[in-house]
Amino acid sequence: MIGKFVLFLGLALCSASFADGLYQRFLVRMKKVQAPRSPGKNGITRSIKEQGKASLAPLLKAFRSLEPKSLSGPRAPRSVPIRSVNELWLINSASVVCRSDYTEKLKLIAGVEEIYPDEKVVLSTADSGGAGILSDENRKGVSTLHAEGLRGQGVKIGIIDTGIIEHVAFGKRISAYRDFTAKPAAGPVDPVGHGTHVAGTLAGGSYKERILGVAPESELVVARVLEPVSKSGSTTEVQQRIEAFASRILNAMQWMVDPDGDPSTDDYPAIINNSWGFPQKFPITRQLFEEALNRWAELGILPIFAAGNDGKKGEGSILFPGSTSQVITVGALKDSKRAYFSGMGTAKSKKPDFMAPGYRVYSLKKFGNKTLLGPMSGTSMATPYVAGLTALIKQMDPYMSFQEVYEVLKESAVDLGARGWDTGHGWGKPDSETIYSHMKKKTRSKFSKGGKSGFRYYRRFYLEWQKTRDPSIQRSLINVELGLLAFAEKHSQPSSKERNPILVLWLNELEKLANSEPELFAPLRGRILKRIRFISIPGTEPEIPGDDSEEKEISSPQ
């Protein structure tokens, strides 16, 4: 009975969003159709897209049959059953605006599994905090990482928020932008100013003789989705009524996976910063958002979410999906304690994960028609600090998994509140200097192992070094090569004419790479073969796969 009431209430809310109440907004989830896996480096994105479109085919075919014929006069249809359809191939679904009497027919279309009312997602805001000392804690300690050349170079960070303005602090680093609001603007805008403040803490460069962001040289992929539902009242009142339909958030999540519309290109962000959520624990569309987060996970995208600002409600006040294990959830600190507004978790959910300064944080702030430096408070202000640190971690090791990144943040966290994890402070505040020492140990260990995974590290760092000539990237490249040489030495057996099968497979893979990407891998292969010959005992050198030519002198990376 309760479930039916919630569904009815949701439908009523959706219906009320239209002037005549005739049309309603729905999300239609289709049965998953298994499509063939696409080959190639970026096959995952293409496969997700192809599989999603295959699942949606029966629905779109049914909708096309309902398109009104070109009629005029008294025979013209007064209202078409379907007003609009938007494909959400990321989650085998579609957002539909249709006539309220058409829902029963929707259920009869082949492959339709579930129909949900299009709920509202909110941006939870907090008061600016009144008088007090402006917090600049986000910059403390990060300078150590910047001095080591870790400034987010080569890392793309997504932001789903109220937009962003083109500002000198961002330079030309807004690599992709898309507006999903009711009245989309042609270029980057942020009428609210929230997204710009977040972006400043996350990736703001030099402005007013200071570096604003944790990752000031990262690229930004920005989706404007959240907007005020009413402009009446004070600025504070307007900012407390910022929301979006779930379908638009899902559309933005989908766009993040393929910003340029070409699944063969690797242009999606490594990290996505989110300040939105549902205040209820079990929203009707929960399954769709969990599915979207699963797709992000397949691509290795790290979702960082604000805990929300309902902390006055006590435990269990974290917004969904920040309350799930699929994301890294960040709460806000005032000084070294949980800010009164910061959402609290439960022992069962083990949320929040981490904390960061979120009280009167200094960043780019909207003042009338100008954007200057100013304070804002909220878990939204804390989240970009952790997202920025994550970007620096990913710069050091682009292939770190969600769990590996989580462990680095956890190991570096300064404990706050009760000993260990607690519902108010999570594991504490990640310390930037400690992160660097942890990462140096982890990367040294990973690079020294060599193996096939070493080839992808070599490719990534080589291409990045060629583009930037950054000394820190060069050091990583050299360390990876040393690890590959050590792997070859470890698995060589100079006392036997039989080649270690592990080394044979490894060298075969290297040969394929040298043939497909000769400029990158042929010199590396030459140096490795030279090393193997050097450690072999004369007269017992075993045959090297693919080595049927004279050795050439090859220079090492400069």
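Relative contact order of the stretch 412-477: 20 percent, from C-alpha pairs under 8 Å at least 6 residues apart in sequence. For the stretch 270-383, the Kirkwood hydrodynamic radius comes to 14.5 Å, computed from all pairs of different C-alpha atoms. Segment ARG444..ARG419, full-extension length gain: 5.9 nm, with 0.36 nm per residue of separation and the alpha-carbon distance subtracted. Rounded, prolate or oblate, given the Cα gyration tensor of the stretch 320-395, with a/c below 1.5 counting as rounded? Taking the square roots of the gyration eigenvalues as a ≥ b ≥ c, the stretch 320-395 is prolate. Here is the list for the stretch 313-421: trypsin sites (Lys or Arg not before Pro) lying in DSSP coil, each with at most 10 other C-beta atoms within 10 angstrom of its C-beta, are LYS348, ARG419. The chymotrypsin sites (Phe, Trp or Tyr not before Pro) of the stretch 335-426 that meet both conditions, a loop assignment by DSSP and at most 15 other Cβ atoms within 10 Å of the site Cβ, are TYR340, TYR399.
Electrostatic tally near SER317: other residues with Cβ closer than 11 Å to its Cβ, Lys and Arg +1, Asp and Glu -1, net +2.
Residue ranges 455-462, 213-220, 520-527 sort as 213-220, 455-462, 520-527 when ordered by packing (mean number of other C-beta atoms within 10 Å per residue, highest first).
Protection proxy ranking of 295-306, 371-382, 23-34, by the mean of other Cβ atoms within 10 Å over each peptide's residues and highest first, is 371-382, 295-306, 23-34. When peptides 250-260, 157-167 are ranked by their average number of other Cβ atoms within 10 Å per residue, the highest-first order is 157-167, 250-260. Using every pair of separate Cα atoms, the Kirkwood estimate puts the hydrodynamic radius of the stretch 302-358 at 10.7 angstrom.
We did not get these values from a lab; they are worked out from the coordinates using the rules stated. None of these values were measured; they are calculated from a predicted model. Glycine gets a Cβ as well: all are built from the backbone with ideal geometry, and neighbour counts include every protein chain shown.
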